[in-house]
Amino acid sequence: MTKAIILGSGAASGVPTISDGWGACDASESKNRRSRAGVYFEDGATHILIDSSADVREQLIANNIRRLNAVFYTHAHADHTMGIDDLRALNYHIDDITGMQKKVQGQALDIYAVEPHIAEIRRRFDYVLTDEKAREQTHRPQLCPHEIQFGQPIMIGGVKIMPLEFAGHTVVTIGYVFNDGQLVLIPDYKEIPAQTLAYLQKIDVNVLIMPLTAVEECRYHAGIDIDKHYIAQIRPQRTVLTHLGPKCDYQKVLQLCPPHVEPAFDNMVLEL
């Protein structure tokens, strides 16, 4: 089965937040409790993580994810990278031997992003990066960085991944198309560049994941009206809104959604 999991559906602050608590969100609605954003994609024996928030450890445990082939980053902001130390556990694979789980030496884990974001990860987390695929015996994460180019697909196992450019955030961000539209992930954005939109319009998009940090647009994030505008142009079969901030109450956002569009919640499984 091919599937995606919304590991975390929250924006940088999560919900509830330290400063504003639940904000506009109803505390009695369990889907309003949100960890920081992250997505997992699985196709047969291929396991891919998109971003590693500070909540990634609990997210992977909650969904019993113990193996990864690669991590793809949308950008290097803290809410998308600060769980990078917890990826050390993925340098091992787990063998179930006579009912006992045994750690055996694995390999460095491949990570992918465009050059500016790899450079920023290297600046902040230099100690986790290695150019050697063979893993050393240490307690540090060992991640092997790969620079990718917009519009040039990568194959991970049997999965085709196309990186696309998005604009309007504080930095240029990277979206990903899996298997020619089986899943499309839009990162933090406010504007879709013409060449990216043209690409998305010419493929059949099955499931689209896109951010809604606040219902009303703000300086660096699209609001519901911008999201609806692009959904109408891309015409996916299903759209899931994630990266939801404390102003995005689940039920109220759901009421604003057109048909086949819905807000995400933590640990939401999308069968593809």
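Using a simple charge model, +1 on the beta-carbon of Lys and Arg, -1 on the beta-carbon of Asp and Glu, nothing else, what dipole does the stretch 2-271 show about its Cα centre, in debye to the nearest 20?
Here the size comes out at about 280 debye.
Mind giving me the nanometre distance, one decimal, between the label points for I18 and E262, set 7 Å out from Cα along Cα→Cβ?
The answer from the label model is 3.4 nm.
So if I restrict to the alpha-carbon atoms in the stretch 132-238, what is the Rg, and what is Dmax, the biggest pairwise distance, in Å?
Gyration radius and largest Cα-Cα distance of the stretch 132-238: 16.1, 51 Å.
Pulled fully out, how much extra length does the chain show between H229 and L197, if you take 0.36 nm times their separation in residues and subtract their Cα-Cα distance?
10.4 nm
Got a sec? Charge dipole of the stretch 2-271, +1 on Cβ for Lys and Arg, -1 for Asp and Glu; which of P163, I61, T2 is way out at the positive end?
Towards the positive end, the residue furthest out is I61.
Each residue of the stretch 141-152 in order: what ³J(HN,Hα) in whole Hz does its phi give by Karplus 6.51 cos²θ - 1.76 cosθ + 1.60, θ = phi - 60°, with x for Gly and Pro?
x, 10, 10, 9, x, 10, 7, 10, 10, 4, x, 10
Give me, ordered by chain and number, the residues 5 or more places off K160 or on other chains with an amide H under 5 Å from its own placed amide H.
N179
The list (i) 20.9, 72; (ii) 18.3, 61; (iii) 18.0, 56 gives values of Rg and Dmax of the Cα atoms in Å, and only one came from this structure; which label was calculated from it?
Step by step, Rg and Dmax of the Cα atoms in Å for this structure corresponds to label (iii).
So, counting K/R as plus one and D/E as minus one, what does the shell of residues with Cβ under 11 Å around I5 add up to?
Combined, the nearby Lys, Arg, Asp and Glu give -2.
Can you work out the Karplus-derived ³J(HN,Hα) for every residue in the stretch 165-177? Use 6.51 cos²θ - 1.76 cosθ + 1.60 with θ = phi - 60°, whole Hz, and x for glycine or proline.
So the J values, rounded to whole Hz, are 8, 10, 10, x, 7, 5, 9, 5, 10, 10, x, 9, 10.
Quick note: the coordinates plus some simple rules give every number you see, no bench work behind them. What you see is a predicted model, and the numbers here were worked out from it, not measured in a lab. Cβ sites come from the backbone with ideal geometry, for glycine too, and all protein chains shown count toward neighbours.
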